[in-house]
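Student: One structure, pasted below without further comment.
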Amino acid sequence: MVRLQSGVAQPGAVRMTVMEAGAAQTVPMWMDAAETAAMQTGVARVGDRLTYDVVIVGCGVAGLYAALNLPRSLRVLMLCKEDVASCDSMLAQGGICVMRDHDDYGPWFDDTLRAGHGENRVESVDAMIWSSRDVIGDLMRLGVRFDRDETGALDYTREGAHSRKRILHHADVTGREITTRLLEQVRQLGNVAIWERSPLVDLLVGGDACAGVVVERDAAGKGASEEAASERGAASRVEVHAHDTVLATGGVGGLYEHSTNFRSLTGDGCRVAAAHGVELEHMDYVQIHPTTLYSTRPGRAFLISESCRGEGAVLLGADGRRFTDELQPRDVVSAAIQRQMAREGSKYVRLSFSAVPEQEIRTHFGNIYEHCLREGYDICREPIPVVPAQHYLMGGIRVDQDSRTTMDHLYAAGETSCNGVHGRNRLASNSLLESLVFARLAARDIVRRRHRDGSRYA
C-alpha cells in the first residue's frame, strides 16, 4: 500500500516520492529532462506528466466515455495494462440495448430483473434504461455506426431472455465499433494522455481519500506484456497524483482456465481497492456464457454471440435433438448444456444455424462465420461444437448512483464496478450500455463536485 503523509493530493501542492526502499529506480526514457532530474534526486516536483486532474485506469468503453464527458480544461491521464486494443469492450459481439419507445420501459425492466433473479438495484436499472436513448444518440453523433434495415431505419435484434427486439448492433462486432470510434474521439483531445502497457500497481491514499495511482512503466513501455516478462526488472514504479481517480479495469476472466476475456484481465481494480478497505460486492456473481467454440487449443475462448440464438440458431445434443429453450437467461441455458454434456459424457454440445438464412450468417455474423471457417467449421453447412465458459463479473467494487466507491475521490465504472444493474445474472447486451451510462455519471459527479468545492480546472 502507498499512503501520502500530507493528505489528499492537490495540483501544485504535493511532493511525491519515487524511491523504493531508499534506492533510486531506473529512469524511464519517456520522461523529459526536468522529470528525469527530479527522479534522480528522489523527489519530483508536480509536473504536467506526473500530476493530473483525473486519472482513468482502463481504456475500454467505460474509461473512454468517462474521458469524453469531462471538461476539456481538465488534464486527464488514461492507463491501460496492455495495448488499447486488448480490452474486453473490443470483444463484445451481440450489441447494445436501447429503449425503443416508452412502452418498452416496463418489459425491459422486467427482463433485466428476471435475468438477475430479482437481486438488481432497481434505481440503477431505472437509470440505465432512461439514459439509453440519449447515450445511443451520443454514440451516433460520435461516429458509431449501427446496422440499418432495407428502409434505412435502425435494425434491432433479440437475444436470450429479452421479450422484445431492442438490441442495436454493428454486424457481430458491436463492441469493436463502439470502442474504436470512442478511441478515435479521445485521441483528438488535447487534454488527454494515454499510457499503454502501464499496469496498475496500487492506489495513492491521503487520509481517507484517493490521491492517484502507482503504475509500472519501463523504457520500452512493455511493463505488462508477456513478451517483455524478462525485462520487467527494469520497470519503474511511478506515482501519478490526481484529484479524482476512475477505475475501469474490466473483469476477472484472466484468472480462469476457460474464459472469453483477455488473459490480462485479472481483477486489478478490485484487488487494489480491497487492499485499502474499499467495499466490494458480490464477487462470487460470475457469469458463464453458454456458447463458446469448443477447442483444445490454449488461450481465450471464442464467443459465439447470443444473438445467433436470437436469430434462430438452436442447441442440439449428440442425437441431433434440441434439449432446451435457447432464449432463456444465460445461467439457465449454461446449466442445461452442462446437464446435457453430463448425460452424454461429451465435452461439448452442438449449435445449428440451419434455421438462419445464409445471407444473414455472412452479413450479421460475418466475424463468427470467418473465425469458425479458420477453425475448420462452415456454420452454413454444419453444426459447430460449443461449450460454456467464464464470461462476465456481475460483482465488483461497490458504487452508488454516481459511480462513487466507498473511498472519497475514487470512482469505478464498467465491469470492475458493481452498481447493481445486473443482479445475480446479466441480461444480454446490457453491459455496454451500463458501462457507458455509469461512466458518464462518474464524469458528471467529478465536475459537479469541483464546482461545489471551488476546485480549479487547470
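The values are calculated or read from the model by the stated rules, or taken from the named source; none is laboratory data. Treat the numbers as computed from the prediction; the structure is a model and nothing was measured. Cβ sites come from the backbone with ideal geometry, for glycine too, and all protein chains shown count toward neighbours.
Student: Acidic (Asp, Glu) and in the same structural domain as Leu255 (by TED's automatic domain parsing) - does that describe any residue in the stretch 390-401?
Tutor: Yes; the residues of the stretch 390-401 include at least one that is acidic (Asp, Glu) and in the same structural domain as Leu255 (by TED's automatic domain parsing).
Student: In this structure, does Glu119 turn out to be surrounded by fewer than 22 Cβ atoms within 10 Å (Cβ to Cβ), in the same structural domain as Ala428 (by TED's automatic domain parsing) and in contact (Cβ under 8 Å) with a residue 60 or more places away in the chain?
Tutor: Considered against the rule, which asks whether it is surrounded by fewer than 22 Cβ atoms within 10 Å (Cβ to Cβ), in the same structural domain as Ala428 (by TED's automatic domain parsing) and in contact (Cβ under 8 Å) with a residue 60 or more places away in the chain, Glu119 comes out as no.
Student: Which members of the stretch 177-207 meet the condition of being surrounded by 19 or more Cβ atoms within 10 Å (Cβ to Cβ) and on the phi > 0 side of the Ramachandran plot?
Tutor: Matches in the stretch 177-207: Arg197 only.
Student: For the stretch 296-407, which strands (runs of 3 or more DSSP E) that fit wholly inside it have 1 or more residues that are over 27 Å from Gly254 (Cβ atoms), of a type in the set (Ser, Thr, Tyr) and without any contact (Cβ under 8 Å) to a residue 40 or more places away in the chain?
Tutor: Answer list for the stretch 296-407: 349-352.
Student: Then there is this: Output the residues belonging to the stretch 165-221 that are assigned to a loop (DSSP other than H, G, I, E, B), closer than 21 Å to His409 by Cβ and among the acidic types (Asp, Glu).
Tutor: Correct list: Asp208 only.
Student: A further question on this structure: Between a first residue in the stretch 421-435 that is closer than 10 Å to Ala62 by Cα and a second residue that is part of a helix (DSSP H, G or I) and hydroxyl-bearing (Ser, Thr, Tyr), which pairs have beta carbons less than 6 Å apart while being 6 or more apart in sequence or on different chains?
Tutor: Listed pairs, sorted by first residue: Leu433/Ser132.
Student: Considering only residues that are over 23 Å from Arg374 (Cα atoms), out of contact with any Asp or Glu (no Cβ under 9 Å at 6 or more places or on another chain) and in a loop (DSSP other than H, G, I, E, B), which ones fall in the stretch 245-295?
Tutor: Selection gives Tyr256, Thr266, Gly267, Gly277, Val278, Glu279, Met283, Asp284.
Student: Determine if the stretch 79-96 includes at least one residue that is of a type in the set (A, V, I, L, M, F, W, C), at pLDDT 95 or above and outside the structural domain of Pro199 (by TED's automatic domain parsing).
Tutor: Yes - at least one qualifying residue is present in the stretch 79-96.
Student: Now, a different point. Take Leu70 and tell me if it is assigned by TED's automatic domain parsing to the domain that holds Tyr411, surrounded by 14 or more Cβ atoms within 10 Å (Cβ to Cβ), of a type in the set (A, V, I, L, M) and assigned to a helix (DSSP H, G or I).
Tutor: Against the criterion (assigned by TED's automatic domain parsing to the domain that holds Tyr411, surrounded by 14 or more Cβ atoms within 10 Å (Cβ to Cβ), of a type in the set (A, V, I, L, M) and assigned to a helix (DSSP H, G or I)), Leu70 does not qualify.
Student: Out of Ala355, Ala313, Ala274, I need the residue that is among the hydrophobic types (A, V, I, L, M, F, W, C), surrounded by fewer than 16 Cβ atoms within 10 Å (Cβ to Cβ) and in contact with a strand residue (DSSP E or B) (Cβ under 6 Å, 6 or more places away or on another chain). Which one?
Tutor: Matching residue, one of Ala355, Ala313, Ala274: Ala274.
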